[in-house]
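The values are calculated or read from the model by the stated rules, or taken from the named source; none is laboratory data. On a predicted model such as this, the values are computed, not experimentally measured, just so you know. A quick note on method: Cβ atoms are made from the backbone with ideal geometry, for glycine too, and the neighbour counts reach across all protein chains shown.
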Amino acid sequence: MMNWLKLTLLPPIGAGVIRWLGRTMGIQTEGAEGVDKLYRKGHRLIIAFWHGRQLMMPLTYRGTEAHILISQHRDGELIHRIVSRFGFRSVRGSTTRGGVMALRELIRLGRSGVDLVITPDGPKGPRHVAQIGAVQLAQATGLPIVPLTFSCSKKNSSRAGIGSWFRIRSAVACFAGESRSGFRVMRPRRRWKPSGVSWSRS
């Protein structure tokens, strides 16, 4: 009963909180031009962000259809129900459960012409260390990996402590493996660090 209440009540509340935070923050975006240019050319992306930065990510998406890799754990079900309220679809699996089937499904979807969203460090870490699955996914689909993150500041914050300035940051897109869309192949790195380029939906 308690689990049913959690999965029924928390998703609309969680989605509402995310939308409210987005409305109460001043949002500064950088680097959106490169991502929008890829979309105008008809390309699709693998969007990657660290697991600990997922709260505001539903507000940053600039494409038309995205499928997110989410674990089969109970908390994963809660995240799935929240992000579905923003129009995202989910592929369920992780390195500990259903990972092979999830990777196959992501490859199929990536080749069909949709965006893929992943957390390369996963819920169990190591924190901020990208696992090989992101590179394998890029190699199999030919899609570029676009690292994405965000940072907040309390500059001009309200008395409630809500920051009024918000920055979405992303590294320049990197590519791994043979690309079917003509992208230059780059050697994947074990760690990704934000470069100060960023993008988000206004």
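Being under 11 Å from A48 (Cβ atoms), of a type outside the set (G, A, S) and free of Cβ contacts under 8 Å to residues at least 60 places away in the same chain is the filter here, so list the residues in the stretch 120-136 that pass it.
Answer for the stretch 120-136, where residues must be under 11 Å from A48 (Cβ atoms), of a type outside the set (G, A, S) and free of Cβ contacts under 8 Å to residues at least 60 places away in the same chain: Q131, V135.
So which of V91, V83 ends up being out of contact with any Gly (no Cβ under 8 Å at 6 or more places or on another chain), at pLDDT 85 or above, under 26 Å from S153 (Cβ atoms) and of a type outside the set (K, R)?
On the way: V91 fails: under 26 Å from S153 (Cβ atoms).
Criteria check complete, one pass: V83.
So, L59, is that one in contact with a strand residue (DSSP E or B) (Cβ under 9 Å, 6 or more places away or on another chain) and closer than 19 Å to F150 by Cα or not?
Yes: the conditions hold for L59.
Taking the stretch 95-115 only, how many residues are in contact (Cβ under 8 Å) with a residue 40 or more places away in the chain, in contact with a helix residue (DSSP H, G or I) (Cβ under 7 Å, 6 or more places away or on another chain) and of a type in the set (V, I, T)?
Filtering the stretch 95-115 for residues in contact (Cβ under 8 Å) with a residue 40 or more places away in the chain gives 109-110, 113-115.
Subset that is in contact with a helix residue (DSSP H, G or I) (Cβ under 7 Å, 6 or more places away or on another chain): 110.
Applying the additional criterion that residues be of a type in the set (V, I, T) yields none.
Qualifying residue count for the region: 0.
Across the stretch 59-73, what is the total count of residues that are at pLDDT 90 or above and within 21 Å of K124 (Cβ to Cβ)? Spell out the reasoning first.
Restricting attention to the stretch 59-73, the residues satisfying the condition of being at pLDDT 90 or above are 65-70.
Restricting the remaining residues to those that are within 21 Å of K124 (Cβ to Cβ) gives 68-70.
The qualifying residues number 3.
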